[in-house]
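The values are calculated or read from the model by the stated rules, or taken from the named source; none is laboratory data. Computed from a predicted structure; not experimentally measured. All Cβ positions, even for glycine, are placed from backbone atoms using ideal geometry, and neighbour counts span all protein chains on display.
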Amino acid sequence: MNPLVIGCAVAAVLAGPPLYAQYASGGLDGFTALVRWLVVAVLCSVGAALILGLVKRYEQEWEEKDEAEAREAAQTAAETEAKRAAEEAEARRASAG
């Protein structure tokens, strides 16, 4: 996702109608309305970039946590299998000897 696109879309939804109403009523000229919309779009883009950065960081943390849990589960399974194999070998030695 591109923060600039998100910011422009949010600015169009939030600031567009009020700015257009002021322009249509003669309270603002076209250039001033566009400059104000641009300022809102830049601020919304910065906010979107920060939010997307947070989301990406949380996704990385979740992936790292999942990988750690998978490694721990694999280690536990390997230890359990090694213990079972050692017990079987000990039982075979005891019954053979």
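Brief remarks on what is shown
- Some residue of the stretch 41-50 being among the hydroxyl-bearing types (Ser, Thr, Tyr) and more than 22 Å from Asn2 (Cα to Cα): no
- Residue in the stretch 31-39 that is among the aromatic types (Phe, Trp, Tyr) and in contact (Cβ under 8 Å) with a residue 24 or more places away in the chain present: yes
Each row is one residue, and each column tells you yes or no for (1) at pLDDT 95 or above; (2) farther than 30 Å from Val13 by Cβ; (3) of a type in the set (D, E, K, R); (4) exposed (fewer than 10 other Cβ atoms within 10 Å of the Cβ).
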position: Ser25; (1), (2), (3), (4): no, no, no, yes
position: Leu28; (1), (2), (3), (4): no, no, no, no
position: Leu34; (1), (2), (3), (4): no, no, no, no
position: Leu38; (1), (2), (3), (4): no, no, no, no
position: Leu50; (1), (2), (3), (4): yes, no, no, no
position: Glu59; (1), (2), (3), (4): yes, no, yes, no
position: Ala85; (1), (2), (3), (4): no, yes, no, no
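- A search for C-beta distances below 6 Å between a residue of the stretch 8-28 that is without any contact (Cβ under 8 Å) to a residue 60 or more places away in the chain and any residue that is β-branched (Val, Ile, Thr), counting only pairs 6+ apart in sequence or on different chains, returns Ala11/Val40; Ala15/Val40.
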